[in-house]
Every structure is written in structure tokens, then in C-alpha cells.
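Notes to accompany the following structure.
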Amino acid sequence: MKKKVAVVFGTRPEAIKMAPLVRALGDSTQLKPVVIATAQHREMLDQVLQIFAIKPDYDLDLMRPNQTLPDLTSRLITSLDEIIKKSAPSAMLVQGDTTSVLAASLVSFYNNIPVGHVEAGLRTNNMRNPFPEEMNRVVTGRLAHWHFAPTQSSAQNLLDEQVPSDAVFMTGNTVIDALFDARQHADKVPLSVADGRRMILVTTHRRENFGEPLKRICAAILELLDRNPTLDVLFPVHPNPNVSSVVRDVLGNHPRVDLCAPLDYLSFIAAMEAAHVILSDSGGVQEEAPALGKPVLVLREETERPEAVSFGVADLVGTNTARIVEKVQRLLTDPAAYREMARGASPYGDGLAARRIVEILEDALTGDGSGAAGSPTFASSGQRA
Ligand code: UD1
Ligand code: UDP
């Protein structure tokens with residue numbers, strides 16, 4: 001009989017990054033996935049479920065408008081405990097650093113079920129930045145049984161925290177598996193930029209950027225549009241009211257800014273491919289843009305994803321208006337600087353992460369030693385994917 005592995009996720013990026021694992025577990029001869037969607041996000045989660053044709057075994061439907069961290073956390077813990085007792089999996093997988101991840105890891109610990117942490121070991125070493133994600137992943141790191149680190153430096157972060165080396169596996173990030181899979185279908189999405197024009201794609205949602213930082217980002221966008229008459233901005237607006245109210249207020253009336261609803265994943269990949277430059281505070285976008293050969297300017301003061309910055313294909317620009325304008329302006333006017341940042345790299349994965357993770361779990365849960373040796377460890381490299 002196949003052993004059950006609970007795959008828990010709640011938000012859009014977790015679902016994208018777990019989709020390859022749901023598929024790989026579905027293909028396993030020894031394991032099977034039990035998909036538990038907390039639905040910390042609702043519409044944005046549903047977009048991903050539809051694209052990857054995932055039908056959760058359990059959908060907790062927990063999202064509430066403008067939810068607070070304590071309220072969401074307490075509801076997650078209570079609901080997940082009930083489902084875990086009911087489904088009795090042999091192991092649980094969580095991904096990343098959201099409130100769903102923290103709650104699921106804790107519930108798993110209370111129920112004595114081993115947890116595998118996908119995208120383990122990312123750190124800024126600043127508990128307040130990103131908030132609350134750094135705390136979520138540090139605590140999950142203490143609770144996890146298997147640590148699936150995407151890169152050498154994330155694996156090293158765990159070893160530096162005294163996580164036993166036989167519990168740390170460098171697998172690459174499943175975001176690249178998902179991207180390679182979905183990209184094959186993204187060209188069916190009609191999205192083009194007219195001749196002689198250039199498009200900048202923008203996304204923001206981080207709590208640290210609520211309020212003044214977000215206003216400074218929007219001010220930079222206005223100034224860039226003023227300076228560049230052939231520039232257009234595509235800005236899929238995160239539905240969090242703390243984001244959408246500011247963005248719509250400042251940019252809502254500009255004729256060259258398209259403030260659209262969150263794009264489904266295929267349309268967003270098409271938008272990344274059509275963009276000249278991407279401005280984002282997103283974790284996933286920092287990983288995808290380099291693999292697509294698109295310069296990404298990171299609208300944050302610190303990042304737990306230093307690899308693309310050190311390869312020179314991402315730049316940590318923060319939220320100062322003048323600095324953002326200067327950095328984008330350079331990419332718009334200096335072809336050599338642009339080429340250097342647009343050369344492409346895939347430091348976060350090679351598309352085989354989910355397979356590696358499932359082989360490790362098969363090996364651990366069923367004792368079939370043939371697995372883990374099958375797909376060699378991901379070797380982080382600066383080469384284009
Ligand atoms: C959450 C995660 C963050 C992750 C991000 C991905 C936490 C604390 N934050 O942030 O780490 O990077 O998701 O996007 O776990 N909303 C909707 N529809 C949706 C989704 C959100 O209306 O489909 C609105 C709701 O009003 C909701 C609010 O956005 O209450 C905030 O959602 P929440 O998941 O708490 O935080 P995010 O800012 O989305
Ligand atoms: N994304 C999407 N539609 C959008 C914006 C982003 O499908 O309109 C995808 C993007 O490709 C990436 C993920 O959502 O895979 C990133 O999610 P988000 O920025 O919300 O969260 P983070 O990665 O910062 O946790």
C-alpha cells in the first residue's frame with residue numbers, strides 16, 4: 001500500500017512551488033499525495049489549482065478579508081490539527097515561509113509526524129525583515145525532519161545552525177520545475193508589446209513595504225513614465241487592501257499604467273517574457289526572472305536570495321524613489337548594462353527538484369535504497385537554464 005504524504009499549502013507561491021511535488025508524488029509507486037489547501041489565499045490560490053489541475057483532498061477555505069496574523073494562525077492550527085488527525089499521513093511537506101507553513105509544521109510536530117521543509121535554509125538573519133517570514137522559516141527549520149535546500153548557500157545556512165548534515169539535501173527549488181513545465185504553455189497567452197515601446201512589469205506585496213515605501217515605489221514609477229514617453233507599466237495588483245489602496249490611489253489614473261488583477265501563472269510568465277525590466281519585492285519572481293533572462297530589480301532592503309544578485313542578474317534596489325529611477329533609467333539607456341543583466345542564469349534550480357525530493361522521501365519512508373542516488377544533487381551554477 002502506498003504511504004500518504006500530506007502536501008500542505010495556502011498561498012499562490014506555495015501552490016506553484018508544490019505543484020511539481022504533487023505531480024511527482026502522484027507518479028510514485030510507493031507514495032501518494034494528500035493535498036491539503038489551507039486557502040490562506042482564495043482567488044489567487046484557485047488560479048494556480050486550475051492551471052496545474054490540482055484538486056485538493058481537503059480545502060480549509062480559511063481566507064478572510066484583511067486577515068490578521070494572530071487570527072489566521074489560530075484558525076490554521078485548529079483546522080489543520082483536525083485534518084491531520086483524520087488523514088493520518090506518514091509525513092508532511094510544507095514549502096517556504098508563510099503563516100500556513102508555520103502552523104502546519106507546528107501541528108505536524110504536535111502529532112509526531114515528520115515534516116519535510118521545501119525551500120529550506122533561506123535567511124536574511126533579520127527577524128523583522130521579511131516580517132513575519134524570517135521567523136516562520138527559522139521556526140519551521142527547528143521543527144523539520146528533512147530540509148530541502150534550493151542552493152549551496154541555503155544548505156550552508158542550515159549547517160551553520162547545527163542542523164545535522166544528513167538531514168540537509170540540496171535539491172534546487174521546485175519553482176524552476178514549475179516554470180519549465182508552465183512555460184511550454186505560456187506562449188499560448190496573447191501578450192505583446194508594440195514596436196518601439198518597452199514595458200516594465202511591477203509586483204509588490206511585502207508587509208515591510210506597506211505605507212511609505214510603497215508610495216515611494218509608485219512615485220518612482222510616475223517619474224520613469226514622465227522621463228520615458230515610450231514606456232508602459234503593467235502592474236498586476238495584489239488584492240491585499242494594504243497594497244491595492246495605495247497603488248490605485250497613486251497610479252490609478254495614469255494612461256500608461258495597466259493596473260490589472262493578479263494574472264494567472266501562464267499569463268504572468270508571458271508578462272515576464274514580454275517585459276524589458278521587472279521591479280518586484282516577490283520571492284518567486286526573484287527566482288524566475290533570472291531563469292527567463294530578465295533583469296529584476298528587487299524592491300527590498302535585504303534578500304534571502306543572494307545568488308542572483310551575486311551573479312549580477314538581479315539588483316537589490318530598495319524603495320528609495322531616486323535610486324529606483326536611477327537603476328531603471330540606466331537599464332533603459334545603457335545597452336551594455338542591460339545585456340549584462342539580461343544574460344540569464346538559473347542559480348535556483350534545474351527543473352529536477354521535485355523528483356529529487358520524492359526519491360529522498362521514498363528512500364526514507366519505504367527503505368528502498370534505490371531512490372536518493374537516482375538524481376544527482378543540484379549544482380548551483382551561473383549558466384542560463
Ligand atoms: C502572504 C504571505 C507571504 C507571501 C504572500 C504571497 C504570510 C504572513 N504572508 O502574504 O509570505 O509572500 O502571501 O502572495 O503568510 N487576498 C485576497 N485574495 C487572495 C489573497 C489575498 O483578497 O486570493 C487579500 C485578503 O484580504 C487577505 C489579504 O489579501 O486577508 C492578505 O492575505 P495574507 O495571505 O494574509 O497575506 P499576503 O500579504 O497575501
Ligand atoms: N505570479 C502570478 N501572477 C501574478 C504575479 C505573480 O502567477 O500576477 C506568480 C509568480 O510567477 C511567482 C509567484 O506568483 O511564481 C510569486 O508570488 P508572490 O509574489 O505573491 O509571493 P512570494 O513569492 O513573494 O512569496
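The values are calculated or read from the model by the stated rules, or taken from the named source; none is laboratory data. Since this is a predicted model, take the numbers as computed values, not measurements. All Cβ positions, glycine included, derive from the backbone under ideal geometry; neighbour counts span all protein chains shown. Areas reflect the complete protein model, heavy atoms only, side chains present, ligands, DNA and RNA absent. Shrake-Rupley method; radii C 1.70, N 1.55, O 1.52, S 1.80 Å.
Defining a contact as two alpha carbons under 8 Å apart and six or more residues distant in sequence, what relative contact order in percent does the chain show?
Relative contact order, the chain: 16 percent.
List every residue whose amide H lies under 5 Å from the amide H of ASP232, counting only residues 5 or more places away in sequence or on a different chain, with H placed 1.01 Å from N in the peptide plane.
Distant-sequence amide H within range of ASP232: ARG198, MET199, ILE200.
Would you work out the relative contact order for the range 87-126, in percent, from Cα pairs under 8 angstrom that are 6 or more residues apart?
49
Would you mind checking the tilt of helix 174-186 against the longest principal axis of the Cα atoms of the chain, expressed as 0 to 90 degrees and rounded to 10?
60
Take ARG356, ARG197 and sort them by solvent-accessible surface of the protein heavy atoms, 1.4 Å probe, largest at the top.
ARG197, ARG356
Please turn the phi angles of the range 8-18 into ³J(HN,Hα) values with the Karplus equation 6.51 cos²θ - 1.76 cosθ + 1.60 (θ = phi - 60°), one per residue in order, whole Hz, x for glycine and proline.
10, 8, x, 10, 3, x, 4, 5, 4, 7, 8
Express in Å², to the nearest 10, the accessible area of HIS254 obtained by rolling a 1.4 Å probe over the protein heavy atoms while all chains stay in place.
Counting only protein heavy atoms, HIS254 exposes about 40 Å² to solvent.
Any idea of LEU69's accessible area? Nearest 10 Å², probe 1.4 Å.
Near enough 40 Å² of accessible area.
Gap in Å between the Cα centre of the range 205-276 and the Cα centre of the range 138-182?
32
LYS85: which aspartates and glutamates have alpha carbons under 16 Å from its alpha carbon, excluding same-chain residues fewer than 8 sequence positions away?
ASP57, ASP59
Run the simple label-point estimate for GLU302 and ASP57 please: 7 Å along Cα→C-beta, distance reported in nm.
3.8
Roughly what % of Cα-Cα distances in the range 180-314 sit above 18 Å, to the whole percent?
54
Counting heavy atoms of the protein chains only and a 1.4 Å probe, report the per residue accessible area for the range 15-91 as a whole number of Å².
46
How much accessible area does HIS238 have with a 1.4 Å probe, in Å² rounded to the nearest 10?
30
Tally Lys/Arg at +1 and Asp/Glu at -1 over every other residue whose Cβ is under 9 Å from the Cβ of PRO20; what's the total?
Summing Lys and Arg as +1 and Asp and Glu as -1 gives +1.
Any of LYS32/LYS188; LYS17/LYS327; LYS17/LYS215; LYS32/LYS55; LYS294/LYS327 with alpha carbons more than 20 Å apart? Name them for me.
The answer is LYS32/LYS188; LYS17/LYS327; LYS17/LYS215.
Which value in Å does the Kirkwood hydrodynamic radius of the chain take, with 1/r averaged over all unlike C-alpha pairs and then inverted?
The Cα-based Kirkwood calculation yields 21.1 Å.
Mind ranking LYS294, LYS2 by accessible surface for me, highest first, 1.4 Å probe?
LYS2, LYS294
Sort GLU326, GLU133 by heavy-atom solvent-accessible area, probe 1.4 angstrom, most to least. Could you put the intermediate results ahead of the total?
On the way: GLU326 120, GLU133 25 Å².
Correct descending sequence by accessible area is GLU326, GLU133.
Counting Lys and Arg as +1 and Asp and Glu as -1, each charge on the Cβ, what is the dipole of the range 29-126 about the Cα centre in debye, to the nearest 20?
On the way: 8 positive and 10 negative charges, 35 e Å.
In debye, rounded to 20, the range 29-126 gives about 160.
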